[in-house]
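Just so you know, all these numbers are worked out from the coordinates, no wet-lab data involved. These numbers come from a predicted model, not from an experiment. We place every Cβ from the backbone using ideal geometry, glycine too, and count neighbours over all the protein chains shown.
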Amino acid sequence: NNYSFTDEKNSNGCIYIVRDPRNTITSIMNHYEHDYKEAIDWMLNKNGFLIKKNEEQFYRFQFLSSWQNHYKSWVNNKKFPVLIVKYENLQINPLEELEKVINFLIKVSKLKTVFNKEKAIKVIESCSFENLKKKEKEEGFREQATGQKSGKKIPFFNLGKENNWRKIIPENMKIKLNEVFDEDIKYWGYDA
């Protein structure tokens, strides 16, 4: 509605991570206990939002809009620098992507430091999907949801590299998702 979420007065920059919508949908299905139709509707909802209640009974509201409007609002932002990172590139070449992120942070924050490859490698190792999944299982994870349908804790670290839409989404849904997100798939250079 032409209202800015943030501006150059309170933002040095933004790191926006985008993910193939066909893989995003399986994460949404897991996190919110949605079926395919509910997940697609959620991703297409131009009035979409998140609301979360904490222990003190306070609510946090976060407007999202649709998946497409959300990424476009950040990609088209001209008020401050935005670094776009493809989620898939983080999996393929984490060191190169982390270097881009750190150098972006150094630049927009005007830090007097340089990228440290050895530290970056340690960060990547300690933040591996396997390590985080294990840690969630042993200690819990703040972003872990409780299912509204099941009432059970839903693992946040669910499929990792196994989340491959080509292998896990039924054929009829692949066709539907490719139709619904056709423009976005082409824009981001994802294979159909």
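Below are the figures for this structure:
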| quantity | calculated |
| --- | --- |
| DSSP H segments from the chain that extend 18 Å or more along their own axis, Cα-based, with Kyte-Doolittle mean of -1.0 or above | 94-109 |
| Listed residues Leu50, Leu95, Leu105, most fluctuating in the chain (Gaussian network, C-alpha, under 10 Å) | Leu50 |
| Candidates Arg22, Arg166, Arg142, ranked by Gaussian network fluctuation over the chain, Cα under 10 Å, top entry | Arg142 |
| Charge dipole (segment 1-112, unit charges on Cβ, about Cα centre) - positive-most of Leu50, Phe80, Phe5 | Phe80 |
| Eligible lysines near Lys100 by straight Cα distance, threshold 17 Å, same-chain separation 8 or greater | Lys86, Lys110, Lys112, Lys117, Lys119, Lys122 |
| Within a Gaussian network of the chain (alpha carbon springs, distance under 10 Å), most fluctuating of Ile168, Ile124, Ile51 | Ile51 |
| Label of the coordinate-derived value, Cα extents along the principal axes in Å, listed as (1) 44, 39, 33; (2) 41, 37, 36; (3) 50, 44, 44 | (3) |
| Dipole-positive endmost among Asn89, Tyr71, Thr113 within segment 47-180 (Cβ charges, Cα centre) | Tyr71 |
| Within the chain: Cβ-based charge dipole about Cα centre, in debye rounded to nearest 20 (Lys, Arg +1; Asp, Glu -1) | 440 |
| Full-stretch length increase - Lys122, Ser150 - with 0.36 nm per residue and alpha-carbon distance subtracted | 6.3 nm |
| Segment 97-149 shape via C-alpha gyration tensor axes, a/c threshold 1.5 | prolate |
